[in-house]
Every structure is written in structure tokens, then in C-alpha cells.
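Visitor: Handing you a structure now.
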Amino acid sequence: MLEFWYSERCSREIRLICSIGVCISIYFCSRIAELAPLWVGLSLVLGVLIHVLFTQFLKLAASPPYRITLRNGIYIFQLFALLSLTYVLPEQHKWVLWLQCIGFHALGLFLVSIYSNRAKRHA
């Protein structure tokens with residue numbers, strides 16, 4: 001998914017629709033149970049961290065042998081971070097809170113990547 005998100009094939013419209021869809025899903029999940037601000041901030045920071053790691057991955061030349069290992073490590077880190085949140089979330093409505101964590105994680109990644117790839121304005 002990250003390869004598509006950072007590729008030229010992913011247009012601004014696709015990114016906007018994905019961001020709006022994530023915001024709508026977070027809103028509907030929050031109608032059932034609200035996520036604490038601590039977990040919102042932690043999920044956003046994890047999304048930003050994934051963006052930083054993946055941009056460093058993209059800066060590597062195509063030939064280093066550890067490039068594939070780094071890409072797999074980024075995916076494993078992301079999966080481990082999101083799954084570890086399930087153990088610390090409150091038991092009541094855990095699945096709704098976890099969906100919100102995933103949504104804020106994606107939103108953090110989306111906002112930072114969209115801002116870093118925006119068109120530069122000249123004065």
C-alpha cells in the first residue's frame with residue numbers, strides 16, 4: 001500500500017478521497033465509543049513515524065541488499081505497533097477503539113505525506 005501511496009499513480013483526488021473516507025469512518029466509530037486523546041496522539045505519531053521511515057527507504061538506491069529487509073521491517077514495525085495497541089485499549093468496545101487507532105494512524109501518514117508532496121508556491 002505504501003508503494004502505491006508514494007507513487008505517481010496515486011493522484012491528489014485519490015489521496016483526498018482516502019483522507020475523507022478515513023475521517024468519516026473515525027467519526028462513525030467515535031459515535032459508539034470515543035478514543036482517549038493519549039491514544040489519538042500516539043496513533044498520529046506512529047503514522048508520522050511510518051512516513052519518515054518510508055521516505056528514508058525511498059531515498060536508498062535500488063541496489064543495496066538491505067533495501068528489501070528495511071521495507072519488510074517497516075511493515076512489521078507498523079503491524080506490531082498497531083497490534084500492540086489492542087492490548088492496552090480498554091476492553092469495552094475494543095474493536096471500535098482499535099479501528100479509530102488505525103484511522104488516526106492512517107490520517108497521520110496521509111497528512112504528512114500530502115503536505116510533503118504538495119506543489120511549491122512561488123511568491
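Visitor: Is it true that V52 is of a type in the set (V, I, T), modelled with pLDDT of 85 or more and in contact with a Gly (Cβ under 8 Å, 6 or more places away or on another chain)?
Guide: For V52, the condition - of a type in the set (V, I, T), modelled with pLDDT of 85 or more and in contact with a Gly (Cβ under 8 Å, 6 or more places away or on another chain) - is not met.
Visitor: Any chance the range 9-20 includes a residue that's within 25 Å of L85 (Cα to Cα), open to solvent by 50 Å² or more (accessible area, probe 1.4 Å) and modelled with pLDDT under 90?
Guide: Within the range 9-20, none of the residues are within 25 Å of L85 (Cα to Cα), open to solvent by 50 Å² or more (accessible area, probe 1.4 Å) and modelled with pLDDT under 90.
Visitor: Still on this structure, please answer the following. Quick check on my filter: what residues within the range 33-91 are hydroxyl-bearing (S, T, Y) and either within 14 Å of the chain's Cα centre (by Cα) or open to solvent by less than 70 Å² (accessible area, probe 1.4 Å) (or both)? Working first, answer last.
Guide: Looking only at the range 33-91, we keep the residues that are hydroxyl-bearing (S, T, Y), and these are 43, 55, 63, 66, 69, 75, 84, 86-87.
The answer is S43, T55, Y75, S84, T86.
The values are calculated or read from the model by the stated rules, or taken from the named source; none is laboratory data. Values in this document were obtained by computation on a predicted structure and should not be read as measured data. All Cβ positions, even for glycine, are placed from backbone atoms using ideal geometry, and neighbour counts span all protein chains on display. Just so you know, the surface numbers come from the protein's heavy atoms only, side chains and all, with ligands and any DNA or RNA stripped out. Shrake-Rupley method; radii C 1.70, N 1.55, O 1.52, S 1.80 Å.
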